[in-house]
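J.: Provided herewith is a single structure, encoded as structure tokens, for subsequent inquiry.
The values are calculated or read from the model by the stated rules, or taken from the named source; none is laboratory data. Just so you know, these numbers come straight off a predicted model, no measurement behind them. Glycine gets a Cβ as well: all are built from the backbone with ideal geometry, and neighbour counts include every protein chain shown.
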Amino acid sequence: AVSLPFAVGQCGNQVGCRFWDLALREHAAVNKKGIYDEALSSFFRNIDTRSGDNGPDIYKGKICSLKARALLIDMEEGVVNEILQGPLRDVFDSKQLITDVSGSGNNWAVGHKIYGCQYQENIVEKLRKTAEHCDCLQCFFIIHSMGGGTGSGLGTFVLNLLEEEFPEVYRFVTSVYPSGEDDVITSPYNSVLAMKELNEHADCVLPIENESLFEIVNKIHQMINSGKLGSTVKQNSLVTSSAGSAKTLQEKPFDAMNNIVANLLLNLTSSARFEGSLNMDLNEISMNLVPFPRLHYLVSSLTPLYTLADVNVPSRRLDQMFSDAFSRDHQLIQADPKHSLYLACALLVRGNVQVSDLRRNIERLKPSLHFVSWNQEGWKTGLCSVPPVGHSHSLLALANNTCVKPTFIELKDRFMKLYKKKAHLHHYLRVDGMEQSCFSEAISSLSDLIEEYNELDATKGGPRIDPSRLKIAV
Amino acid sequence: MSIVTVQLGQCGNQIGHEVFSALCSDIRGTHGLCSKKENESYQDSCKERFFCEEESAVPVARAVLVDMEPKVISQALSMAASSGLWKYSSRSHFCQKQGSGNNWANGYCVHGPRHKEAIMDLVQTEAERCDRLGGFFTIMSMAGGTGSGLGAFVTQCLRDAFPTSFILNHVIWPYGTGEVIVQNYNSVLTLSHLYHSSDGLLVHENDVIHKICAQLMNIKQISFRDVNQVIAHQLGSVFQPTHPAGGGSGYSRNPLGDLMETLVPHPEFRMLGLRNIPQMPENSLPYSTFSWPGLIKHLRQMLIANAQMEEGIDWQVRPPQPGSSIPSTNKPLHFNTSIANLVILRGKDVHSVDLGSFQDPSLYTSWLNPQDAFNAWRTPRAFNRYEKSAALVSNSQFLLKPLDSIVGKAWNMFASKAYLHQYTKFGIQEEDFLDCFTTLEQVISSYTNL
């Protein structure tokens with residue numbers, strides 16, 4: 001089953017670039033014989049280039065030329081051009097790119113209304129072409145940031161399009177939320193306007209915050225430098241660097257940060273691509289983690305973030321991986337799931353981990369976690385045999401937890417600060433199709449969402465009254 | 001008579017593969033501990049039942065493999081083929097790409113009707129390969145989407161297409177603390193639907209088998225493969241050939257029919273539990289000796305006290321005193337009342353074993369004669385290297401508590417309406433859920449009032 005990533009905007013494409021690089025390396029490490037297999041086909045097509053660049057698809061046999069199944073969309077050319085000149089240039093062809101020159105000026109309305117309208121047909125056509133090459137299209141991934149104009153505006157426009165054109169295909173969105181100190185002044189506007197679209201049209205959203213990524217990257221850097229426990233970061237560990245050198249962490253922090261997000265997507269799709277004793281597909285993630293349609297925001301954490309020198313890791317290190325997955329400083333947003341309320345939790349383990357390890361850790365960690373009364377055993381688990389490159393095992397935890405609430409509340413506050421003064425509104429309102437009501441509806445949508453989380457939080461720690469069962473006449 | 005096995009979903013296909021491996025390994029073994037003639041008869045009977053020996057060099061399993069994603073079937077096919085001892089037919093599987101998303105409604109309402117023809121064609125082909133069809137054995141988990149939802153649909157199709165054949169559903173109950181969050185919904189939907197089309201539900205609970213792996217098999221890092229191998233061993237101990245209850249020298253020709261006849265006298269009571277003794281790591285076998293009286297005593301107490309294995313049995317539990325009429329509410333606590341039991345003995349000196357203790361009327365409800373409520377199958381041919389082994393298939397209150405627990409949790413979730421939109425999207429409405437809850441509460445009530 002195919003997952004189709006769309007990278008929209010600068011951030012989206014930079015993450016996307018890391019993602020394709022890591023995906024190729026992961027498959028290269030696993031696929032020693034160079035045969036085009038089911039796992040590869042979920043992200044790549046196999047083209048016979050002897051008939052030129054538009055050769056026919058080869059479905060079986062040796063790998064000839066791999067092309068990524070993707071659409072790269074940006075309203076500036078810089079990032080996409082860099083990709084096309086870099087080591088990934090042969091993985092994409094021009095038919096997968098949609099670019100413009102002037103950018104969206106950090107304006108959601110420009111991205112959504114102007115470019116959306118302008119490129120709608122182009123996008124739909126390329127989308128249909130790409131989908132045609134897919135045997136079984138299961139899921140779309142949109143990778144974007146919320147704070148700018150293209151990723152945020154055009155990205156959410158694409159989200160709408162996907163729902164219209166392919167209503168049965170799941171829509172997963174990886175959204176990078178702006179921090180408080182974001183240098184784009186209008187990022188709260190862009191984010192809240194985008195949030196409304198995510199509320200209404202996404203199946204699952206994985207929010208990410210740069211602050212968290214930055215902290216994680218720093219922690220890894222510290223671990224390397226401290227030489228703690230004699231641990232060394234393996235050269236080919238995919239978490240830390242693209243060039244293979246850990247020293248570049250300081251020079252190019254965004255690269256390392258983007259690597260984390262790229263790894264998130266790789267791990268998320270690992271069980272759909274590779275075998276395991278308990279497979280977990282993307283549609284299962286949506287099914288199990290979204291109890292009510294609008295509550296589809298999932299907090300993610302990836303552990304371990306560093307490799308240890310020894311490959312045969314004794315059980316207690318394994319258990320540490322599970323503990324870390326629930327700790328505040330391993331989450332990809334600024335959140336503390338342990339002290340908030342879980343609606344549902346998924347654990348996707350990769351590598352040499354068996355069901356007893358999983359059970360032992362769930363039993364151990366359960367007592368310190370708060371689950372909603374109607375889902376006390378709300379665990380979804382998956383075991384994938386193939387570990388990520390450079391690790392012997394790894395864990396991805398996805399939590400539907402009320403700890404996302406503070407992120408949304410802060411966003412709302414920042415929005416209101418600007419909105420009350422009507423600061424910068426004219427940049428948006430001058431765009432055709434934008435009215436004040438767009439703003440009021442958007443903030444209303446966000447407020448409603450926050451309220452739903454509030455109601456759930458109110459039930460936390462309350463008395464548990466099980467509803468009475470049906471009575472049967474004897 | 002031959003049995004056609006239908007493997008459904010990841011669990012069904014993983015277990016199915018282990019079952020055929022175990023059966024094959026058992027008949028190839030030289031530890032039959034019986035006469036050569038007996039051994040040959042056993043092997044022939046097993047092969048007729050489970051394998052087809054057409055033109056191929058190795059036995060071909062009589063199985064249809066169904067899954068909505070390709071990886072597991074692909075693995076099962078290649079593992080079987082590479083064993084060199086048996087294999088699956090290359091044309092007996094059906095798979096798709098997108099999976100069922102753990103959604104029972106998707107499996108039942110969408111995949112079922114869409115792929116009915118293709119799947120039933122495979123079943124028909126396999127059934128026609130049998131000289132005499134003894135019935136169907138389906139393997140599925142009830143926690144996910146394919147095994148559970150598509151499995152329920154396929155069972156209905158089997159019933160419609162083969163109205164006079166026996167259908168035994170082997171159902172795996174998931175770990176209590178979650179493999180799948182919506183597992184209780186999927187379970188309620190599966191069990192209630194199977195109740196209407198199946199002849200019997202033979203249940204294995206992951207929690208129970210896990211304990212066996214940990215405490216009896218001494219496995220440190222238990223994998224699903226370990227769990228599945230224990231399950232396969234237990235199934236083999238029931239379905240490998242035996243001599244019929246009434247005696248006679250030949251091996252029984254109709255195992256599924258005999259099983260249903262002895263164990264499911266009333267359609268309201270279809271839940272069958274399975275216990276096996278002894279169970280131990282393979283390398284301990286040469287150092288262990290067993291006596292039949294000891295094994296039988298333990299097995300009986302496992303039945304009465306509802307013990308999951310031969311360790312930790314509560315010996316305090318006793319059946320109610322005979323002679324007095326006891327309303328069910330006054331029966332001793334923790335006592336497991338049976339409707340019917342079947343004991344299967346394999347190995348040395350089986351014919352000398354006294355099973356009178358299992359015919360004690362106080363073990364059973366009053367509405368069957370004890371002679372009808374209890375049956376025994378035997379064979380002197382040892383199973384899977386165990387010099388002596390006994391299996392118990394029981395229609396009793398074994399599964400009452402776990403069933404009640406599953407229904408309770410599902411109801412709790414249902415009351416909050418969580419996840420319902422995922423099911424209504426594919427065609428299962430709230431009223432459908434209510435019907436299923438009602439069916440199962442009825443089953444719970446019936447078993448409680450035994």
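J.: Facing chain A (nearest Cβ under 9 Å) and either crowded, with 16+ Cβ neighbours inside 10 Å or free of Cβ contacts under 8 Å to residues at least 60 places away in the same chain (or both): which single residue out of B:F426, B:F437, B:F398 fits that description? Don't jump to the end; show me each part of the working.
T.: Details: B:F426 fails: facing chain A (nearest Cβ under 9 Å); B:F398 fails: facing chain A (nearest Cβ under 9 Å).
B:F437 is the lone residue from the list that is facing chain A (nearest Cβ under 9 Å) and either crowded, with 16+ Cβ neighbours inside 10 Å or free of Cβ contacts under 8 Å to residues at least 60 places away in the same chain (or both).
J.: Can you pull out every residue in the range B:119-157 that is farther than 26 Å from B:S192 by Cβ and assigned to a helix (DSSP H, G or I)? Break it down into steps so the answer makes sense when it comes.
T.: Here is the first cut: in the range B:119-157, the ones farther than 26 Å from B:S192 by Cβ are B:121-122, B:124-134.
Those that are farther than 26 Å from B:S192 by Cβ and assigned to a helix (DSSP H, G or I): B:D121, B:L122, B:Q124, B:T125, B:E126, B:A127, B:E128.
J.: Output the number of residues of the range A:310-334 satisfying the condition of being modelled with pLDDT of 85 or more and either basic (K, R) or under 13 Å from A:N352 (Cβ atoms) (or both). Walk me through it before giving the result.
T.: Of the range A:310-334, the ones modelled with pLDDT of 85 or more are A:318-334.
Going one step further and asking which of them are either basic (K, R) or under 13 Å from A:N352 (Cβ atoms) (or both), we end up with A:318, A:321, A:328.
So the answer is 3.
J.: Of all residues in the range B:27-56, count the ones that are under 25 Å from B:S141 (Cα atoms) and of a type in the set (D, E, K, R).
T.: The number of residues fulfilling the criteria is 1.
J.: In the same structural domain as B:M140 (by the TED database) and buried (at least 24 other Cβ atoms within 10 Å of the Cβ): which single residue out of B:H210, B:H170, B:H196 fits that description? Explain how you work it out, then say what you get.
T.: Details: B:H210 fails: buried (at least 24 other Cβ atoms within 10 Å of the Cβ); B:H196 fails: buried (at least 24 other Cβ atoms within 10 Å of the Cβ).
Being in the same structural domain as B:M140 (by the TED database) and buried (at least 24 other Cβ atoms within 10 Å of the Cβ) holds for just one of B:H210, B:H170, B:H196, which is B:H170.
J.: Continuing with the same structure: Is one or more of the residues making up the range A:386-393 facing chain B (nearest Cβ under 10 Å), over 21 Å from the mean Cα position of the chain (by Cα), in a loop (DSSP other than H, G, I, E, B) and modelled with pLDDT under 95?
T.: The answer is no, given that none of the residues of the range A:386-393 is facing chain B (nearest Cβ under 10 Å), over 21 Å from the mean Cα position of the chain (by Cα), in a loop (DSSP other than H, G, I, E, B) and modelled with pLDDT under 95.
J.: Could you pull out the residue among A:G378, A:G433 that is surrounded by fewer than 15 Cβ atoms within 10 Å (Cβ to Cβ), in contact (Cβ under 8 Å) with a residue 12 or more places away in the chain and over 30 Å from A:H27 (Cβ atoms)? Lay out the reasoning, then the answer.
T.: Working: A:G378 fails: surrounded by fewer than 15 Cβ atoms within 10 Å (Cβ to Cβ).
Testing whether each residue is surrounded by fewer than 15 Cβ atoms within 10 Å (Cβ to Cβ), in contact (Cβ under 8 Å) with a residue 12 or more places away in the chain and over 30 Å from A:H27 (Cβ atoms) leaves just A:G433.
J.: OK, next. If a residue has to be outside any helix (DSSP H, G or I) and among the charged types (D, E, K, R) to count, how many in the range A:18-62 make the cut? Step through it out loud before you land on a result.
T.: Here is the first cut: in the range A:18-62, the residues outside any helix (DSSP H, G or I) are A:31-37, A:42-48, A:52-62.
Adding the requirement that they be among the charged types (D, E, K, R) leaves A:32-33, A:37, A:45, A:48, A:53, A:57, A:60, A:62.
Qualifying residue count, the range A:18-62: 9.
J.: Moving on. Could we say that A:I47 is β-branched (V, I, T) and under 30 Å from A:D183 (Cα atoms) here?
T.: On the way: β-branched (V, I, T): yes; under 30 Å from A:D183 (Cα atoms): no.
It is false that A:I47 is β-branched (V, I, T) and under 30 Å from A:D183 (Cα atoms).
J.: A further question on this structure: Go through B:V66, B:V19, B:V6 for me and flag whichever is closer than 18 Å to B:G135 by Cβ and touching a His at 6+ places or on another chain (Cβ under 8 Å).
T.: Working: B:V19 fails: touching a His at 6+ places or on another chain (Cβ under 8 Å); B:V6 fails: touching a His at 6+ places or on another chain (Cβ under 8 Å).
Within the list B:V66, B:V19, B:V6, the selection yields B:V66.
J.: Residue check: is B:E431 modelled with pLDDT of 95 or more and more than 11 Å from chain A (Cβ to nearest Cβ)? Give the derivation first.
T.: On the way: modelled with pLDDT of 95 or more: yes; more than 11 Å from chain A (Cβ to nearest Cβ): yes.
Spelling it out, B:E431 is indeed modelled with pLDDT of 95 or more and more than 11 Å from chain A (Cβ to nearest Cβ).
J.: Could you tell me whether B:G427 is in a helix (DSSP H, G or I) and not assigned by the TED database to the domain that holds B:L201?
T.: no
J.: Take the range A:112-139 and flag every residue that is more than 14 Å from chain B (Cβ to nearest Cβ) and either basic (K, R) or in contact with a Gly (Cβ under 9 Å, 6 or more places away or on another chain) (or both).
T.: Answer for the range A:112-139, where residues must be more than 14 Å from chain B (Cβ to nearest Cβ) and either basic (K, R) or in contact with a Gly (Cβ under 9 Å, 6 or more places away or on another chain) (or both): A:H112, A:K113, A:I114, A:Y115, A:G116, A:C117, A:I123, A:K126, A:R128, A:K129.
J.: Does the range B:51-67 include one or more residues that are modelled with pLDDT of 95 or more and within 14 Å of another protein chain (Cβ to nearest Cβ)?
T.: yes
J.: I would also like to ask the following. In the range A:270-283, which residues are within 21 Å of B:A143 (Cα to Cα) and polar (S, T, N, Q)? Lay out the reasoning, then the answer.
T.: We begin by selecting, within the range A:270-283, every residue within 21 Å of B:A143 (Cα to Cα); these are A:271-272, A:275-283.
If the condition is that a residue be within 21 Å of B:A143 (Cα to Cα) and polar (S, T, N, Q), then A:S271, A:S277, A:N279, A:N283 are the ones that fit.
J.: Only one residue in B:N369, B:N384 is farther than 16 Å from B:L189 by Cα, surrounded by fewer than 23 Cβ atoms within 10 Å (Cβ to Cβ) and without any contact (Cβ under 8 Å) to a residue 40 or more places away in the chain. Which one? Full working, then the answer.
T.: Numbers: B:N384 fails: without any contact (Cβ under 8 Å) to a residue 40 or more places away in the chain.
Of the residues listed, the single one that is farther than 16 Å from B:L189 by Cα, surrounded by fewer than 23 Cβ atoms within 10 Å (Cβ to Cβ) and without any contact (Cβ under 8 Å) to a residue 40 or more places away in the chain is B:N369.
J.: Residues being farther than 20 Å from B:T190 by Cβ and within 14 Å of chain A (Cβ to nearest Cβ): count how many of those fall in the range B:72-94.
T.: 7
J.: Of B:S197, B:S187, which residue is within 14 Å of chain A (Cβ to nearest Cβ), on the phi < 0 side of the Ramachandran plot and in contact (Cβ under 8 Å) with a residue 40 or more places away in the chain? Don't jump to the end; show me each part of the working.
T.: Working: B:S197 fails: within 14 Å of chain A (Cβ to nearest Cβ).
Exactly one of B:S197, B:S187 is within 14 Å of chain A (Cβ to nearest Cβ), on the phi < 0 side of the Ramachandran plot and in contact (Cβ under 8 Å) with a residue 40 or more places away in the chain, namely B:S187.
J.: Only one of A:N375, A:N400 is within 30 Å of A:Y189 (Cα to Cα) and within 14 Å of chain B (Cβ to nearest Cβ); which?
T.: Values: A:N375 fails: within 30 Å of A:Y189 (Cα to Cα).
Answer to the check: A:N400.
J.: Tell me, please, whether a residue that is of a type in the set (V, I, T), at pLDDT 95 or above, surrounded by 21 or more Cβ atoms within 10 Å (Cβ to Cβ) and assigned by the TED database to the domain that holds A:L24 can be found in the range A:350-361. Give the steps one after another, and end with the answer.
T.: Step one: of the range A:350-361, the residues of a type in the set (V, I, T) are A:353, A:355.
From what's left, at pLDDT 95 or above: none.
No, because not a single residue in the range A:350-361 is of a type in the set (V, I, T), at pLDDT 95 or above, surrounded by 21 or more Cβ atoms within 10 Å (Cβ to Cβ) and assigned by the TED database to the domain that holds A:L24.
J.: For the range B:225-235, name all the residues that are crowded, with 21+ Cβ neighbours inside 10 Å and in contact (Cβ under 8 Å) with a residue 24 or more places away in the chain.
T.: Residues satisfying the conditions are B:N228, B:V230, B:I231, B:A232, B:H233, B:Q234, B:L235.
J.: A further question on this structure: Any idea which of A:E441, A:E410, A:E452 is surrounded by fewer than 17 Cβ atoms within 10 Å (Cβ to Cβ), of a type in the set (D, E, K, R), in a helix (DSSP H, G or I) and within 14 Å of chain B (Cβ to nearest Cβ)?
T.: Numbers: A:E441 fails: within 14 Å of chain B (Cβ to nearest Cβ); A:E410 fails: within 14 Å of chain B (Cβ to nearest Cβ).
Result of the check over A:E441, A:E410, A:E452: A:E452.
J.: Is one or more of the residues making up the range B:401-409 away from chain A (no Cβ under 14 Å) and either of a type in the set (S, T, N, Q) or out of contact with any His (no Cβ under 6 Å at 6 or more places or on another chain) (or both)? Working first, answer last.
T.: Residues of the range B:401-409 away from chain A (no Cβ under 14 Å): B:401.
Subset that is either of a type in the set (S, T, N, Q) or out of contact with any His (no Cβ under 6 Å at 6 or more places or on another chain) (or both): B:401.
Yes, some residue in the range B:401-409 is away from chain A (no Cβ under 14 Å) and either of a type in the set (S, T, N, Q) or out of contact with any His (no Cβ under 6 Å at 6 or more places or on another chain) (or both).
J.: Which ones in the range B:202-215 are out of contact with any strand residue (DSSP E or B) (no Cβ under 7 Å at 6 or more places or on another chain) and under 24 Å from B:M271 (Cβ atoms)? Even if it seems obvious, please write down each step before you answer.
T.: Initial filter on the range B:202-215 (out of contact with any strand residue (DSSP E or B) (no Cβ under 7 Å at 6 or more places or on another chain)): B:207-215.
Of everything in the range B:202-215, those that are out of contact with any strand residue (DSSP E or B) (no Cβ under 7 Å at 6 or more places or on another chain) and under 24 Å from B:M271 (Cβ atoms) turn out to be B:D207, B:V208, B:I209, B:H210, B:K211, B:I212, B:C213.
J.: Out of contact with any strand residue (DSSP E or B) (no Cβ under 9 Å at 6 or more places or on another chain), of a type in the set (G, A, S) and either within 11 Å of another protein chain (Cβ to nearest Cβ) or more than 30 Å from B:R28 (Cβ to Cβ) (or both), is that true of B:S416?
T.: So B:S416 passes the test.
J.: Give the range A:15-64 a look and list any residue that's closer than 30 Å to A:L213 by Cβ and of a type in the set (G, A, S), or say none. Lay out the reasoning, then the answer.
T.: In the first step, residues of the range A:15-64 are kept if they are closer than 30 Å to A:L213 by Cβ; the result is A:15-31, A:39-40, A:42-44.
Matches in the range A:15-64: A:G16, A:A23, A:A28, A:A29, A:A39, A:S42.
J.: Anything in the range B:149-160 that is out of contact with any strand residue (DSSP E or B) (no Cβ under 8 Å at 6 or more places or on another chain), of a type outside the set (A, V, I, L, M, F, W, C), touching a residue at least 40 places away in the same chain (Cβ under 8 Å) and more than 14 Å from chain A (Cβ to nearest Cβ)? List them, or say none. Break it down into steps so the answer makes sense when it comes.
T.: Going residue by residue through the range B:149-160, those that are out of contact with any strand residue (DSSP E or B) (no Cβ under 8 Å at 6 or more places or on another chain) are B:149, B:152-153, B:156-157, B:160.
Restricting the remaining residues to those that are of a type outside the set (A, V, I, L, M, F, W, C) gives B:149, B:156, B:160.
Okay, now just the ones that are also touching a residue at least 40 places away in the same chain (Cβ under 8 Å), so B:149, B:156.
Across the range B:149-160, the qualifying residue is only B:Q156.
J.: Can you find a residue in the range B:161-182 that is out of contact with any Asp or Glu (no Cβ under 7 Å at 6 or more places or on another chain), assigned to a helix (DSSP H, G or I) and more than 10 Å from chain A (Cβ to nearest Cβ)? If you could, list the steps in order and put the result at the bottom.
T.: Going residue by residue through the range B:161-182, those that are out of contact with any Asp or Glu (no Cβ under 7 Å at 6 or more places or on another chain) are B:161-165, B:169-172, B:174, B:179-182.
When the remaining residues are screened for being assigned to a helix (DSSP H, G or I), the result is B:161.
From what's left, more than 10 Å from chain A (Cβ to nearest Cβ): B:161.
Within the range B:161-182, one or more residues are out of contact with any Asp or Glu (no Cβ under 7 Å at 6 or more places or on another chain), assigned to a helix (DSSP H, G or I) and more than 10 Å from chain A (Cβ to nearest Cβ).
J.: Inspect the range B:85-100 for any residue being out of contact with any Phe, Trp or Tyr (no Cβ under 7 Å at 6 or more places or on another chain), in the same structural domain as B:Q124 (by the TED database) and in a helix (DSSP H, G or I) and give the result as yes or no. Please lay out each step first, then the result.
T.: Of the residues in the range B:85-100, the ones out of contact with any Phe, Trp or Tyr (no Cβ under 7 Å at 6 or more places or on another chain) are B:85, B:87-100.
Now narrow it down to the ones that are in the same structural domain as B:Q124 (by the TED database): B:85, B:87-100.
Filter again for in a helix (DSSP H, G or I), leaving none.
Within the range B:85-100 (the criterion being out of contact with any Phe, Trp or Tyr (no Cβ under 7 Å at 6 or more places or on another chain), in the same structural domain as B:Q124 (by the TED database) and in a helix (DSSP H, G or I)), the answer is no, since none of the residues qualifies.
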